[in-house]
1. List every residue pair whose Cβ atoms sit under 8 Å apart, with the two residues 6 or more apart in sequence or on different chains, where the first one lies in region 161-187 and is more than 20 Å from Leu110 (Cβ to Cβ) and the second, anywhere, is of a type in the set (Val, Ile, Thr) and surrounded by 10 or more Cβ atoms within 10 Å (Cβ to Cβ).
2. Considering only region 467-474, I want to know if a residue exists there that is touching a helix residue (DSSP H, G or I) at 6+ places or on another chain (Cβ under 6 Å) and open to solvent by 50 Å² or more (accessible area, probe 1.4 Å).
3. Find all pairs meeting these conditions: Cβ atoms under 6 angstrom apart; at least six residues apart or on different chains; first residue within region 26-54 and under 17 Å from Ala300 (Cα atoms); second residue acidic (Asp, Glu).
4. Among the residues of region 412-422 satisfying the criterion of being among the aliphatic types (A, V, I, L, M) and crowded, with 19+ Cβ neighbours inside 10 Å, which is nearest to Lys379 (Cα to Cα)?
5. Looking at region 306-329, can you tell me whether even one residue there is within 27 Å of Cys80 (Cβ to Cβ), of a type in the set (Gly, Ala, Ser), in contact with a strand residue (DSSP E or B) (Cβ under 8 Å, 6 or more places away or on another chain) and exposed (fewer than 14 other Cβ atoms within 10 Å of the Cβ)?
6. Can you tell me which residue in region 279-295 is most open to solvent (accessible area, probe 1.4 Å), limited to those that are of a type in the set (Ser, Thr, Tyr) and not in a helix (DSSP H, G or I)?
7. Given (1) part of a strand (DSSP E or B); (2) open to solvent by 20 Å² or more (accessible area, probe 1.4 Å); (3) in contact with a Ser or Thr (Cβ under 9 Å, 6 or more places away or on another chain); (4) not polar (S, T, N, Q), identify the lone condition not met by Arg111.
8. Tell me, which residue of region 151-185 that is closer than 30 Å to Ser29 by Cα and of a type in the set (Gly, Ala, Ser) is surrounded by the fewest Cβ atoms within 10 Å (Cβ to Cβ)?
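The values are calculated or read from the model by the stated rules, or taken from the named source; none is laboratory data. Predicted, not measured: the structure shown is a model, and the values here were computed from it. Note that we place each Cβ from the backbone using ideal geometry, even for glycine, and neighbour counts take in every protein chain shown. Note: areas computed on protein heavy atoms with side chains; ligands, DNA, RNA excluded. Shrake-Rupley method; radii C 1.70, N 1.55, O 1.52, S 1.80 Å.
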Amino acid sequence: EDNFCILTMVDLSAHTAFAEKACTFLTASPDPYHAVENSVTKLEAAGYVQLRKREAFAGKLKPGGKYYYTINRTTLVAFCVGGKYQSGNGFKIIGGHTDSPNLKVKPKSLRSASGCIQLGVECYGGGLWHTWFDRDLGISGRVLVRNENGTVVQKFVKIDDPVARVSSLCIHLQTADERSSFKINKEEHMAPILGTQTVLEKSAEDALSGGSDDPWRSGHEPLLLKLLVDKLALDDVEQIADFELNLFDTQPASIGGINKEFLNSARLDNLATVFVSIEALIAFSTSDALAEDIDISLVALFDHEEVGSQSAHGAGSPVMAEAVKRISSALSEKQHELDPDLYSVALRKSFMLSVDQAHAVHPNYSSKHEKNHSPKMNKGVVVKTNQNQRYTTNGVTGFIVRELTRKAEIQPIQEFVVRNDCPCGSTIGPIIAATTGIRAVDVGMPQLSMHSCREVMGISDLTNGLELFTAFFKHFREIDDNLEG
């Protein structure tokens, strides 16, 4: 008998179509603006109606209705109202975030050195910055455009051409110590190269920048401004009033592995959650289950999680509490009025899945995981626990998730606890639980290379996430009502 191992090929065809759909979303969403915009497109196609934050919700909501609104166009709140909803009933919430570590263009980005035109950038979040070297980088984000009538509108831009690159230093110019440590000075070493200074003569630069008489425009490379003008089909560079831009890896998301079982992409943390949660909300709200539901099913996707959530539209803002209060008030028996006692009841009946990608065990660094809590890719959604309250999971909230998988007869969950000698990350879960009093549990789909420019997860776990989130919207109320509280 031959002494060799046979690799068993598992049939993953049932997961491939959904994974390919995720790839399309991930490639089209290089920043929070596009992630929210692409999510909104799907919601509107499923019959969701936009609400205006500056207008009262009263008179606009009804049982069986589907709605959404955005804050700063980087935070999204989408919800559907159960057909049998009554005032004081609860909220079934999935919370995630739209941002990922990246390089953001500075307010004055004009920079040059050694004959090269560069771009001044700021490192956003806790990225594995060495993975950004030698990548083909595009530019995306929001541009404020001034119209002839004096109005200023927001336009989103996505430049897929590899217009920038952070080049590494060749091995021959590094000492042995430098090669072994690869220490990065984020200010000095992370400035991308756009081109060489010989591309434009000074007169051409002045012409492109309108003579550089505008203090804001004079702080940016004229070729960058011209690129934006061309991409947005504007008449003149003077129409650009301001922008918020970031860089992204132009390599599209892809299905990989010898058995095509992995999804390789940038921003899986946490756009995988954004994609799956919106898909689950749409699936539930377009099913017959909505007509019999008594609660509100809601997805809240926040900006700025990677930098602490303390902003006007991060998880530390009033967004979550305000959503529960405004929606409950608009659906109360007396419009514009909400009994404080019923509001408190609604909070007590509510529950949140705080969803952020989880750490799969790395085969080359398996000692970094606690041996009894080592989640694997393609083996199910992970429940995260930390007794020091870096995660919200406790005995009751963790039980509810396990009971969901049992009742729906779907893939059982995996468990993650960080080692005692390792630091533990955190999520939006503890922040929202502390500010609203809503019960929560921390879960996530497992992945490798978190915060790298390029990450990887199992395609089966996209399906596992979809099934769990849909089961949450469908079965939570029954489980919670049977739970002694």
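1. Once the first residue is more than 20 Å from Leu110 (Cβ to Cβ) and sits in region 161-187, its partners that are of a type in the set (Val, Ile, Thr) and surrounded by 10 or more Cβ atoms within 10 Å (Cβ to Cβ) give Asp161/Thr250; Pro162/Thr250.
2. yes
3. From residues that are under 17 Å from Ala300 (Cα atoms), the pairs are Pro32/Asp99; Pro32/Asp303.
4. By that ranking, first place goes to Ile413.
5. yes
6. The residue in question is Thr286.
7. Every condition holds for Arg111 apart from (3).
8. This residue is Ser167.
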